[in-house]
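One structure below.
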Amino acid sequence: IMKDIGLEHLEKCHDCEARGKSLKGTASYNYIMKPTASGSLIMEAVATEVIQFSPFNILNGAVQMESRQILTFLDIENTPVDHSRYDYVHHGSLQYEQGSEVLQTPIHLLRITHAEAQIVSTMNHLVASNVARVH
């Protein structure tokens, strides 16, 4: 479980503060993550934001708004292309070392046997995954 607290989307109004009006807020985010073989999944995300606005210099005369949003993981529609199954070409004393958190792999160091077939399968996957965004 990961908790993150901050003022992510709140913009300060310096003119309002100069006139005595005050806008304050805070936001907190809780993530429940599950490790998988290909990385990790966010199973649930809970966001809570509290905003306080006091239009005048009055003690305890502020308006307070609280908003919450809960997002829960349901299922995976399609799986991303797995590039980790390729063997790297031996280049003498060159050693390959990539962390599992880095999603990019050096393409020019991969041994590709059927480049056209791999390009076609990758393009088909991109078309199937992003058709809603394009149209």
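Computed from the C-beta positions of S93 and T113, the FRET efficiency with R₀ = 35 Å rounds to 0.90. Neighbours of L74, meaning other residues whose beta-carbon lies under 15 angstrom from its beta-carbon, give a summed charge of -2 when Lys and Arg score +1 and Asp and Glu score -1. Less than 5 angstrom separates the built amide H of M43 from those of I32, M33, K34, all sequence-distant by 5 or more or on a different chain. In order along the range 114-127, the phi-based Karplus estimate (6.51 cos²θ - 1.76 cosθ + 1.60, θ = phi - 60°) of 3J(HN,Hα) comes to 10, 5, 5, 5, 5, 5, 5, 5, 5, 5, 4, 5, 5, 5 Hz; Gly and Pro are listed as x.
Every number here is computed from the coordinates shown, using simple stated rules; none is lab data. Because the structure is predicted, anything quoted here is derived from the model rather than measured. Cβ sites come from the backbone with ideal geometry, for glycine too, and all protein chains shown count toward neighbours.
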